[in-house]
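Working notes for the structure below.
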Amino acid sequence: KEEVNSFMQHTFGWNPDLKWDVSGIGPSEAPGITQASVLVNTSQGQQSLVLYITPDGKYAINGDLVPFGSDPFHEARNLLKQRANGPAKGPENAALTVVEFSDLQCPHCKAAVPVVDKLLGDNPEARFIFQSYPLEFHDWAFKGAAYSLCVHQQKPEAFWKFVQAVFDAQDSITAANADAKLSEIATASGADARAAAACSATPETKTKIDQSIALGKAVGVTGTPTLFLNGRRIQNITGTPYEVLTAITKYQAQSK
């Protein structure tokens, strides 16, 4: 972490308005390549910077680590098929499976909701799986994920109402009032808030979220929201022109 901070200082120290926090360092998908995730605060808001550091420590690659091969999305597609077990809707044998890794405290995830909803509306036969991926630097995201899973456990149909309502109330939720707000939203969504609160604090619920995070890391998730279309990763959902997203979606549906 000290070395990454020093690199950032030497590279971006010329800009006194730019601040950053090294949010994670660990192995990447590629053997021998280290991945460093840095949250950068700019005048335009927060941005995620991912550095891939070579084994000799002499070079860092800034960008996406893209799967390669004759079927580059095969591994992610199979991993998601085996282990993506979040709240889902749509037929299990669908030609297109859409998996979203999302964080209820993430503003970018909230902004992506209309895009994902439109995509699912345009592909009504698709299967959609919502995987919790609360980011470490968000102070109530893990709790939000826990409540959401417990609401789903009680009433699957209430889960989708709960998630949308949390996104709608995102700006008013804090670490201090999260339990009260999430309980209120759980009740409004048709769930038993007391049962959801109790369930959210159990080791079993924590394990489910930890497993979802581990799955995300295994398929190359470095930030939220991240979408997978039959295993093909789309990271910049709102920044991808919708016609491009639609074309990729149709192509992936034929490439299962």
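Remarks
This table checks each residue for (1) of a type in the set (D, E); (2) within 28 Å of G24 (Cβ to Cβ); (3) more than 22 Å from the chain's Cα centre (by Cα).
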| position | (1), (2), (3) |
| --- | --- |
| N93 | no, no, yes |
| E100 | yes, yes, no |
| H108 | no, yes, no |
| G121 | no, no, no |
| A145 | no, yes, no |
| Q153 | no, no, no |
| S183 | no, no, yes |
| A195 | no, no, yes |
| T207 | no, yes, no |
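- Test result for A197, among the small types (G, A, S) and over 17 Å from C106 (Cβ atoms): yes
- Strands (runs of 3 or more DSSP E) lying entirely in segment 2-78 (those with 3 or more residues that are within 19 Å of Q235 (Cα to Cα)): 34-42, 45-53
- In segment 43-54, the condition of being surrounded by 12 or more Cβ atoms within 10 Å (Cβ to Cβ), touching a Phe, Trp or Tyr at 6+ places or on another chain (Cβ under 7 Å) and of a type in the set (A, V, I, L, M, F, W, C) is met by no residue.
- Hits in segment 12-53 - residues which are among the hydrophobic types (A, V, I, L, M, F, W, C), within 23 Å of E75 (Cα to Cα) and out of contact with any strand residue (DSSP E or B) (no Cβ under 6 Å at 6 or more places or on another chain): A30
Per-residue answers, yes or no, for (1) touching a Lys or Arg at 6+ places or on another chain (Cβ under 6 Å); (2) of a type in the set (A, V, I, L, M):
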residue	(1), (2)
D117	no, no
G121	no, no
E125	no, no
F128	yes, no
G144	no, no
Q154	no, no
S183	no, no
A188	no, yes
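- Verdict on L104 being crowded, with 23+ Cβ neighbours inside 10 Å, under 29 Å from Q82 (Cβ atoms) and in contact (Cβ under 8 Å) with a residue 12 or more places away in the chain: yes
- Checking each residue in segment 240-256 for being farther than 12 Å from T97 by Cβ and not polar (S, T, N, Q) picks out P241, Y242, E243, V244, L245, A247, I248, K250, Y251.
- For segment 37-65, a tally of residues being among the hydrophobic types (A, V, I, L, M, F, W, C) and closer than 16 Å to K19 by Cα returns 5.
- Taken together, A84, A36 contain a single residue that is closer than 19 Å to L215 by Cα, modelled with pLDDT under 95, of a type in the set (A, V, I, L, M, F, W, C) and buried (at least 17 other Cβ atoms within 10 Å of the Cβ), which is A36.
- Residue list for segment 194-220, filter: among the small types (G, A, S), at pLDDT 95 or above and closer than 19 Å to G231 by Cβ: S212, A214, G216
The values are calculated or read from the model by the stated rules, or taken from the named source; none is laboratory data. Please read all numbers here as calculations on a predicted model, not as lab measurements. Note that each Cβ is placed from the backbone with ideal geometry, even for glycine, and that neighbours are counted across all protein chains shown.
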